[in-house]
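Right, one structure below, let's go through it.
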Amino acid sequence: MNKPKIVKDFEKLSEEVLAQIKLEYPFGFEKKLITFKNGEGKFVSALPFETDDYHYLIRMTRIEAQQIIEDDDDYDEEGNLSEEAKERLEDELDV
């Protein structure tokens with residue numbers, strides 16, 4: 001089955017998808033970004049992420065990826081998801 005592909009900005013994701021991303025990328029996602037050409041032929045960087053229903057490409061630059069982790073209280077000073085945040089997110093998602 002081919003999943004629908006969605007290209008979306010990080011800021012426009014639902015809280016549930018954001019929680020899933022944090023659990024999938026507990027050490028940040030700067031190094032997981034890929035580059036692709038958008039419909040206008042411009043190169044864009046994005047974070048690939050799959051759910052049961054969709055394949056996401058979440059647009060962000062490397063600098064934005066670093067800033068997101070730095071600004072997020074769920075990540076510690078080394079850029080790793082804290083154990084408390086991991087447990088809370090797993091409970092929220094019933095994982």
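Just so you know, all these numbers are worked out from the coordinates, no wet-lab data involved. Being a predicted model, the structure only gives us computed values, none of them experimental. Reconstructed Cβ throughout: ideal geometry from the backbone, glycine too, with neighbour counts over all protein chains shown.
Rounded to 0.05, the FRET efficiency of the GLU78 and GLU24 pair, given R0 = 22 Å and the Cβ-Cβ distance, is 0.75. By the compact-protein rule of thumb, 2.2 N^0.38 Å, the alpha-carbon radius of gyration of the chain corresponds to a ratio of 1.10. Where the centroid of each part is defined by its Cα atoms, how far is segment 63-86 from segment 1-56 in Å? Each part's Cα centre sits 17 Å from the other's.
Considering only beta bridges that DSSP places wholly inside the chain, some 65 percent are antiparallel.
Just so you know, the Rg over Rh for segment 40-84 is 1.08, from Cα atoms, with Rh as the Kirkwood radius. Charge tally around GLU15: other residues with Cβ under 11 Å, Lys/Arg +1 each, Asp/Glu -1 each, net -1. Show log10 I(q)/I(0) for segment 7-62 at q = 0.24, 0.29 Å⁻¹, two decimals, from a solvent-free Debye sum over equal Cα scatterers. Log-scaled intensity ratios, in q order: -1.01, -1.34. Measuring against 18 Å, Cα to Cα, the residue pairs LYS22/LYS42; LYS8/LYS42; LYS8/LYS37; LYS3/LYS37 contain LYS22/LYS42; LYS3/LYS37 as the ones spanning a longer distance. Placing pseudo-labels 7 Å out from each Cα toward the beta carbon at LYS12 and GLU40 gives an inter-label distance of 1.3 nm.
Neighbour counting of Cβ atoms within 10 Å sorts the residues ILE68, ILE34, fewest neighbours leading, into ILE34, ILE68. Measuring gaps between exposed loop sites in the chain (chymotrypsin sites (Phe, Trp or Tyr not before Pro); DSSP loop; at most 15 other Cβ atoms within 10 Å), the longest gap, sites not included, is 55-95.
Taken about its Cα centre, the chain carries a charge dipole of roughly 1080 debye when the Cβ of each Lys and Arg holds +1 and the Cβ of each Asp and Glu holds -1.
The GluC sites (Glu not before Pro) of segment 48-84 that meet both conditions, a loop assignment by DSSP and at most 14 other Cβ atoms within 10 Å of the site Cβ, are GLU77, GLU78.
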